[in-house]
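Every read-out reported here was derived from the displayed coordinates using simple, explicitly stated rules and does not represent laboratory data. In this text, all values refer to a predicted model and were calculated from it rather than measured experimentally. Every residue, glycine among them, receives a Cβ derived from its backbone with ideal geometry; neighbour counts consider all protein chains shown.
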Amino acid sequence: MQQHHHRVSSPIRALSGLFIGRKLLLPLFTVSLLLGCSAISNSDNRAQQEKSKAEPKLVQAGFNVKMQQLDLFDATRQRPVKITLWYPEGKACKAQICLADNTVRSQALLLSHGAMGAALNYQWLGKSMAGRGWVTVGVNHYGESWVYGAGHIKAAAVLEFWQRPLDLGFVLDQLEANQYEGQKLFNQSINWRSTVAVGHSSGGASVAALAGAGFDFAKVTSYCKTDAAKADRSCAYLPKAAAGQPTVHKAATDLPTLPSDQDWYDARVKKLMLLDPALGHLVDAKSLQQIKLPTLVAGSVQNDFLPFAQHAGFYASQIPQAQQVTFNQGEGHFVYLDSCTLPHRALGVPICFDKAGVNRSHVQQQLTAQLLVLLSSTATIASTNGNN
């Protein structure tokens, strides 16, 4: 997307171990398991800025952007939850985070990353929104996210889906309390009861769960044996995947079982943005049909990871108020991640390199424009094709 030359602070100490010089490093052994992961260096950003000069610019408010990571802990589940925040930087204050005076306080964004990824893989979104006045809070899901360190990565965490919406609900609780380590978290009150939840891939399914979506993992066995699943790389994420032996023939009884109570609904979520959402083959259609929130579903039709009809297209067809942005010029599943230049692949699919003719920055510009409409309007957004 168009870079706006905001001043962005360095992540705090919790991220310092991930940086050598000025280049962000990623645990290499996790890359083959990624559904969503990328890394960006300053040189990548400079190159992208030059490339984007000829592209249309979005209206921006001109806020200075600051990024910060905080460590939370859910005592009920004995689970760490790191959050990454992008926000309009204000003057020095007595709170942990000092927001600009005219920060948007009537609503804010909650972000859930793709499997085995991190909130930091979506800086295009966090920086863009903070530069226009909105606070964005990215949740890093333990066991999947590389921000916790290599020793805390486990492939089986991808199948423990129910932890994700619980993470998101816990973070909203903490944000509403507006307390962090004995002091105010924000120097201004934000209406977290008007949250816009954004998620990519598994993150898309996670935020849909907050709106009432239900899932049945037992369906994966039968689905992954069908012809429709031949191009669906999500079928590799089964118990043996961690040992490098993916299989689609495990019995349903060998799969992780979702808790009997799947009520993850959270009334604080008022709008949804699903970026090429996953688990469409496991989601309950009736539960989607009961979602009444304004929803934007973005999907890649010529998908290289998650077949459109079974995933993004299915969500869009079942959620009553869903509007759809489709990309049909070769855009893949990873076009929703930050631009990057690393050679890594996820189950054979390049993470950083798109097909010829695909402009990742242009895709993200269009998504930013659509998100701004969703944020700033109570009206239903118009359906569109992303290539028009």
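Taking amide H positions as modeled 1.01 Å from N, with prolines and chain starts lacking one, the residues under 5 Å from Ala115 and 5 or more places away or on another chain are Leu35, Gly36, Ser202, Gly203. Here the peptides 283-290, 322-329, 267-274 are ranked by packing, the mean other Cβ count within 10 Å, and the order with the highest first is 267-274, 322-329, 283-290. Neighbour counts of other Cβ atoms within 10 Å put Cys98, Cys340 in the fewest-to-most order Cys98, Cys340. In the structure shown, do any of Lys230/Lys286; Lys127/Lys271; Lys66/Lys292 have a Cα-Cα gap over 28 Å, and if so which? Lys66/Lys292, as the Cα separations exceed 28 Å there. P(r) tail, segment 74-147: Cα-Cα pairs separated by more than 18 Å, 46% of all pairs. Dividing the C-alpha radius of gyration of segment 49-199 by 2.2 N^0.38 Å, with N its residue count, gives 1.07.
Sort Trp162, Trp134 so that the residue with the fewest other Cβ atoms within 10 Å of its own Cβ comes first and the one with the most comes last. Walk me through the intermediate numbers first.
Numbers: Trp162 19, Trp134 27.
Starting with the residue having the fewest Cβ neighbours, the order is Trp162, Trp134.
Going by neighbour counts of Cβ atoms within 10 Å, the residues Lys66, Lys230 line up, fewest first, as Lys230, Lys66.
Less than 5 angstrom separates the built amide H of Val198 from those of Leu110, Leu111, Ser112, Met273, all sequence-distant by 5 or more or on a different chain.
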